[in-house]
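The values are calculated or read from the model by the stated rules, or taken from the named source; none is laboratory data. Because the structure is predicted, anything quoted here is derived from the model rather than measured. Note: ideal-geometry Cβ built from the backbone for every residue, glycine included; neighbour counts use all protein chains shown.
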């Protein structure tokens, strides 16, 4: 079969101890029987490993942080597009999604296809809006509140018991067993990700996750549930196994059906001893463990590219239960020229 | 008492619960008991089979068997109807 030759720009190439989803997304696309991709990496830092992984990424460009404004980011994207003719853009960081969602009409005008959640979907699933989300869509969520000062933690002690979960608006979450710990985590997260900080009621149980893809019309294109088998000190899965849990899949279909979710997502859930499922977070993109879904028979990155291009996509109906991913670290030997090129010319 | 239908047990004594994602390993005697459970035999029959095969006092065996079944229940490997 002739494969479609397309150019796909991907970010999130920070394959470090808290990895971005870029390389796993690329691996899924490279496994595709439909596409012969040229992968263009969009990197923020000189040492993002993906830029040096030439088997996966054909060409990489430095891009400005989204915090510098979507105008500056789009200017850089236009430059890169002029050289590369990007067909599809897959942003993989929560923190850059807003800028790309806002720029979607312009990207479309340039001929760059995306398949992102809508601004409304993105906003209402924010950690700080989770209680309202749970009420609106009839999903169990832990009680939580967004706060902007340490004093508010003291006030929360009237309603919540320790431990409490202290979360950043984009990343990071810590379990605090006392006010002193909560204070430390508040400062730590606020200095890294800014305010507000979300304080969540701690739900006792097992953390389980689902990677899923919604077609934007309420249909779930695919979904694979997973339990982390090994968790790093940063709370990231270093190993995980696919589960056979119809309740998790029902909940995923319910959420995608109700929100008409568009694009990739990761549901973070807690399963209590009573087997109730609490939604603790929705990440609005494919997660770093998405290649487990590919290995289990659901190539969600490939399906995402098809959706972006407006191609027909068949719904996945099955996946292999009981297969694992085990992450590993690997030292690449890179030339100084490569490093120099990315540092000085902003491309590699 | 029945093992949940979806529980996978390998010949090497590896148990995988696909709902929870948890896995366990059995020693050879544990494996024998779980194999008999999978055949649908009840506790009395299993106890009888083990007594026939091994030199063990009935009281001692029963104590260990109840402990073992208690563990299987605790790990939620037993059909829910049986847990009531």
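Below, the figures for the structure above:
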read-out	value
Test set (1) at pLDDT below 90; (2) within 14 Å of chain A (Cβ to nearest Cβ); (3) in contact with a strand residue (DSSP E or B) (Cβ under 9 Å, 6 or more places away or on another chain) - residue B:16 fails condition number	(1)
Some residue of the stretch B:49-71 being within 19 Å of residue A:274 (Cα to Cα) and either away from every other protein chain (no Cβ under 14 Å) or assigned to a helix (DSSP H, G or I) (or both)	yes
Residue list for the stretch A:181-214, filter: more than 28 Å from residue A:245 (Cα to Cα), modelled with pLDDT of 90 or more and surrounded by fewer than 16 Cβ atoms within 10 Å (Cβ to Cβ)	A:183, A:184, A:187, A:188
The stretch A:219-233: number of residues that are more than 9 Å from chain B (Cβ to nearest Cβ) and modelled with pLDDT under 95	4
Whichever residue in the stretch A:223-251 is in contact (Cβ under 8 Å) with a residue 60 or more places away in the chain and not in a strand (DSSP E or B) and, among such residues, is farthest from the chain's Cα centre (by Cα)	A:244
So residue A:236, is it within 14 Å of chain B (Cβ to nearest Cβ), at pLDDT below 90 and surrounded by fewer than 21 Cβ atoms within 10 Å (Cβ to Cβ)	no
The stretch A:118-146, subset in contact with a helix residue (DSSP H, G or I) (Cβ under 7 Å, 6 or more places away or on another chain) and not in a helix (DSSP H, G or I), residue nearest to residue A:264 (Cα to Cα)	A:125
Count of residues meeting criterion [touching a strand residue (DSSP E or B) at 6+ places or on another chain (Cβ under 8 Å), more than 9 Å from chain A (Cβ to nearest Cβ) and within 20 Å of residue A:245 (Cβ to Cβ)] in the stretch B:3-13	4
Any strands (runs of 3 or more DSSP E) falling wholly within the stretch A:1-69 and containing at least 3 residues that are under 14 Å from residue A:90 (Cα atoms)	A:4-10, A:35-43
Residue B:25 vs. criteria surrounded by fewer than 17 Cβ atoms within 10 Å (Cβ to Cβ), over 11 Å from the mean Cα position of the chain (by Cα) and either within 14 Å of another protein chain (Cβ to nearest Cβ) or closer than 30 Å to residue A:319 by Cα (or both)	yes
Options A:257, A:264: the member that is assigned to a helix (DSSP H, G or I), more than 13 Å from chain B (Cβ to nearest Cβ) and on the phi < 0 side of the Ramachandran plot	A:257
Search result, residues across the stretch A:128-138 that are surrounded by 15 or more Cβ atoms within 10 Å (Cβ to Cβ) and closer than 20 Å to residue A:262 by Cβ	A:129, A:130, A:133, A:137
Yes/no for residue A:274 being free of Cβ contacts under 8 Å to residues at least 24 places away in the same chain and either within 14 Å of another protein chain (Cβ to nearest Cβ) or at positive phi (or both)	yes
Residues that are over 19 Å from the mean Cα position of the chain (by Cα) and buried (at least 21 other Cβ atoms within 10 Å of the Cβ), drawn from the stretch A:252-276	A:271
Residues of the stretch A:147-168 classified as buried (at least 18 other Cβ atoms within 10 Å of the Cβ) and either part of a strand (DSSP E or B) or touching a helix residue (DSSP H, G or I) at 6+ places or on another chain (Cβ under 6 Å) (or both), total	7
The one condition in (1) surrounded by 14 or more Cβ atoms within 10 Å (Cβ to Cβ); (2) more than 14 Å from residue A:208 (Cβ to Cβ); (3) within 14 Å of chain B (Cβ to nearest Cβ) that residue A:290 fails to fulfil	(3)
Residue ID - nearest to residue A:323 (Cα to Cα), chosen from residues in the stretch B:2-18 that are surrounded by 17 or more Cβ atoms within 10 Å (Cβ to Cβ) and touching a residue at least 24 places away in the same chain (Cβ under 8 Å)	B:17
Hey, residue A:187 touching a strand residue (DSSP E or B) at 6+ places or on another chain (Cβ under 9 Å), over 30 Å from residue A:27 (Cβ atoms), part of a helix (DSSP H, G or I) and free of Cβ contacts under 8 Å to residues at least 40 places away in the same chain or not	no
